[in-house]
Structure formats: structure tokens, C-alpha cells
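J.: Just dropping this structure here.
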Amino acid sequence: TRQSRGARIKMHTLTLAEIGASDRSVSLSGLFRGEFDPRRSTTSLGSIASLMYAGGWPQTIGMDSASAHAVASMHIESLLAGEVEAAGRKEATARRILRAVCSNVDNDFTYDALAGLMAEDGEKVPSRNTLRTFEELFLVDRIDGWDAPVRAKSRVKIKPRYIPCDASLGPVVCRWRQGDITSDARLFMAGLRALVGHDLQAYAGAISPGHAPRLCYYADADGLNVDYVLLSDDGRWAAFNVEIGEAQVAASIKRLERLKKKVANGGELQGPEFTAVILASTPHSHRDTATGTYIVPVTSLTV
């Protein structure tokens with residue numbers, strides 16, 4: 001008798017486009033083709049905080065943010081009390097680790113950073129297998145560093161970083177209220193990076209199923225840090241920074257331009273298909289005239 005074999009498919013929670021919170025005016029696949037249609041945007045920081053608080057859980061579509069957050073909380077608490085324990089990990093330790101992952105705003109959350117934080121608090125340092133368990137339970141996503149073809153490759157950081165599987169994980173495990181996210185720029189930025197990383201992974205996965213661009217980050221010992229890089233298997237790439245608003249765009253573009261220059265000096269890879277700064281809020285999506293960098297609100301992105 002022929003036995004059927006099951007395949008394990010990773011599924012993300014819903015994106016902003018899927019829950020109807022994106023106007024879908026900026027297509028990720030379109031940007032790779034050079035297609036861009038600037039639009040006005042009216043999204044406020046408060047509405048973005050509401051989206052982080054609610055998360056992208058399918059059963060919450062149509063609910064207000066408080067009700068959606070309650071559903072997200074029940075689901076995540078069930079995972080922590082059930083599947084985490086079943087996987088041989090202590091619930092209390094799991095909560096401490098997830099709180100550290102979700103509240104990280106320094107954009108350098110590796111295993112070593114986690115170990116250092118827990119040691120400072122006098123807590124037992126978890127094994128690397130603990131983070132792997134969280135990956136397998138889809139509580140966190142692993143983002144590898146890009147081993148970019150730059151001249152000083154020994155200075156490039158490639159250790160994996162971790163982001164929450166859904167932006168609502170932070171408010172649930174850290175007990176943030178929606179007002180906390182709006183009033184604290186550090187919490188807002190941590191949630192925004194998680195939200196953008198989540199959506200970029202999902203949109204990239206839909207561009208070319210089976211051959212989707214891989215989401216990485218770039219960092220090096222020179223202090224250059226770029227939030228996300230999409231790497232296509234045909235050698236094409238694109239780079240993204242995540243910022244709250246227009247005030248941070250100029251500095252963010254400089255970082256993207258530094259990465260372009262480093263890759264060009266390496267001489268092994270062509271420049272990016274495009275670079276972009278993804279914002280929580282901006283009056284309109286547009287393109288920087290000097291560098292060609294796209295400036296796009298997260299609520300305009302789609303596949």
C-alpha cells in the first residue's frame with residue numbers, strides 16, 4: 001500500500017494587505033520590475049500601533065483592535081502553556097526569552113545578545129536549541145545575516161537574528177497596552193520592525209513560490225546596519241530600512257547608499273534592483289530624486 005507523505009508548510013499570519021489595512025499601491029514584485037505608482041497616504045502612527053496590537057490572526061478579521069488582541073492573547077498563551085511545555089521547554093523561560101526578543105530595539109538580537117541579557121538579570125542562559133524550538137513552533141522567525149561580497153568579508157556579521165512571528169506577540173508577552181506602543185518610540189520601533197519583516201517575508205514568498213527571495217539583514221564591524229535585504233537565487237537583491245517617519249529618511253538613505261558602495265567595491269555583484277525606506281507614516285509614497293530610493297508607507301505594500 002502506497003503511503004501518502006505530508007509536507008510541512010510554513011504559513012505566516014496575515015499581512016496588512018490580506019487584512020485590508022494596505023491600499024496595495026506599491027507592489028514588491030513591481031518594484032523588482034521598476035514599476036512604481038506614487039500615492040497619497042493618510043495612515044497615522046496611532047493606526048499602526050492598533051495594527052501591531054491586533055496582529056494578523058485570521059480569526060480576528062473584522063474585529064476591533066481590543067477584541068483582536070484578546071484572541072491573539074488566548075492563542076499565544078495556549079501555545080506557551082501547551083506546545084512549549086510539550087516540546088520540553090519551561091514556560092517561564094519561554095516567556096522571558098520572548099519578552100527579550102519582542103522588546104529588542106537595538107536591531108542586533110542574536111543568541112549571544114539574548115545570553116548576555118539573561119546573564120545580566122541573573123537568569124540561566126538558555127541553550128541554542130531553545131531558540132530553535134521557538135522557530136519550529138513558529139513563535140519567532142530567524143533572519144540570517146547576509147554574507148555580502150564586500151572587500152572586508154571578515155568584518156561582516158552573519159549570526160542569525162530573531163524577530164517575533166507576528167507583531168502582536170510583543171504586546172501579549174510583554175503586557176503592552178495599545179497606548180504604551182504609541183507613547184514609547186522604542187516599543188513602537190521594535191513592533192514596526194517586526195511588522196515590516198513579517199510582511200516582507202510573506203510578500204517575497206508569494207513572488208515566486210519555490211524560488212522566493214530570501215530575507216536577510218546586513219551588518220558589519222564598521223557600524224553599518226541595514227534592516228532587511230531580499231536575495232533572489234538569480235543574484236538580484238534589494239535592501240530596506242525601517243523608520244517611523246520622514247525625519248529619519250535622510251540618514252536611512254545614507255546607510256543604504258553605504259551598502260551599495262561596499263557591494264560595488266567588492267566587485268562580485270551588481271548593484272541592487274532597488275532600495276527602499278519603509279515608514280510607519282508619510283503623506284505619500286515617493287522616490288528620492290538623488291538616489292532613486294523608494295520611500296513607502298508599510299500600509300501601501302503588497303505582493
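The values are calculated or read from the model by the stated rules, or taken from the named source; none is laboratory data. Since this is a predicted model, take the numbers as computed values, not measurements. Neighbour counts run over all protein chains shown; Cβ positions are idealised from the backbone, glycine included. With ligands, DNA and RNA removed, areas are computed over all heavy atoms of the protein, side chains included. Shrake-Rupley method; radii C 1.70, N 1.55, O 1.52, S 1.80 Å.
J.: Of the peptides 222-234, 123-135, 48-60, how do they stack up when ordered by the mean number of other Cβ atoms within 10 Å, highest first?
T.: 48-60, 222-234, 123-135
J.: Something else now. How much length is gained on full extension from R95 to S183, taking 0.36 nm per residue of separation minus their Cα-Cα distance?
T.: Between R95 and S183, full extension yields an extra 29.3 nm.
J.: Computed FRET efficiency, Cβ-Cβ of R128 and L45, R0 35 Å: what is it to the nearest 0.05?
T.: Details: r = 36 Å, r/R0 = 1.04.
E(calc), rounded to 0.05, equals 0.45.
J.: Once Lys and Arg get +1 and Asp and Glu get -1 on their Cβ, which of G266, T302, C174 lies farthest toward the positive end of the dipole of the chain?
T.: G266
J.: Let me ask something else about it. For the residue pair D233 and K254, what label-to-label distance in nm results when each label sits 7 Å from Cα along the Cα-to-beta-carbon direction?
T.: 3.9 nm
J.: State the answer as a single residue: which of M52, H75, A87 lies farthest towards the positive end of the charge dipole of segment 48-98, with beta carbon charges of +1 for Lys and Arg and -1 for Asp and Glu, about the Cα centre.
T.: A87
J.: What whole-number value in cubic angstrom gives the convex hull volume per residue for the C-alpha atoms of the chain?
T.: It comes to 161 Å³ per residue, whole-number rounded.
J.: What's the carbon and sulfur percent of segment 89-153's accessible surface, probe 1.4 angstrom, rounded to a whole number?
T.: Solvent-exposed carbon and sulfur of segment 89-153 make up 42 percent of the total.
J.: Expected output is a single nm value to one decimal: the length gained when fully extending between R155 and M74, i.e. 0.36 nm times separation in residues minus the C-alpha distance. What is it? The partial results should precede the final answer.
T.: On the way: separation 81, 0.36 × 81 = 29.16 nm, distance 4.32 nm.
Residue separation times 0.36 nm, minus the Cα-Cα distance, leaves 24.8 nm.
J.: Take segment 6-142, drop everything but the C-alpha atoms, weight them equally and run the Debye formula without solvent; then report log10 I(q)/I(0) at 0.13, 0.19 Å⁻¹ to two decimals.
T.: Those come out to -0.76, -1.22, one per q.
J.: Suppose we take every Cα in segment 239-303 and form the convex hull; what volume per residue is that in Å³?
T.: Output value, Cα hull per residue: 84 Å³.
J.: If the viscosity is 1.306 mPa s and the temperature 10 °C, what translational diffusion coefficient in µm²/s does Stokes-Einstein give for segment 121-195 when Rh comes from Kirkwood over Cα pairs?
T.: 108 µm²/s
J.: With the cut-off at 28 Å, tell me which of the pairs K124/K254; K159/K261; K124/K262 have Cα atoms farther apart than that.
T.: Numbers: K124/K254 40 Å; K159/K261 23 Å; K124/K262 40 Å.
From the list (K124/K254; K159/K261; K124/K262), the Cα-Cα distance tops 28 Å for K124/K254; K124/K262.
J.: Here is a further query. Just to be sure I follow: if Rg is taken over the C-alpha atoms of segment 166-244 and Rh is the Kirkwood radius over the same atoms, what is Rg/Rh?
T.: Working: Rg = 14.9 Å, Rh = 14.1 Å.
A ratio of 1.06.
J.: Can you work out the FRET efficiency for the pair A221 and E135, with r the C-beta to C-beta distance and R0 = 41 Å, to the nearest 0.05? Could the numbers behind the result be given before it?
T.: Working: r = 27 Å, r/R0 = 0.65.
According to the calculation, E is roughly 0.95.
J.: Which three extents, in whole angstrom, do the alpha-carbon atoms of segment 149-296 cover along their principal axes, largest first?
T.: Here the spans come out as 48, 35, 31 Å, largest first.
J.: Please work out the average accessible area per residue across the chain, using the 1.4 Å probe convention, and give it in Å².
T.: Working: 14260 Å² over 303 residues.
With the other protein chains kept in place, the chain gives 47 Å² per residue.
J.: Between A66 and M11, with labels modelled 7 Å along Cα→Cβ, what's the label distance in nm to one decimal, could you check?
T.: The answer from the label model is 3.0 nm.
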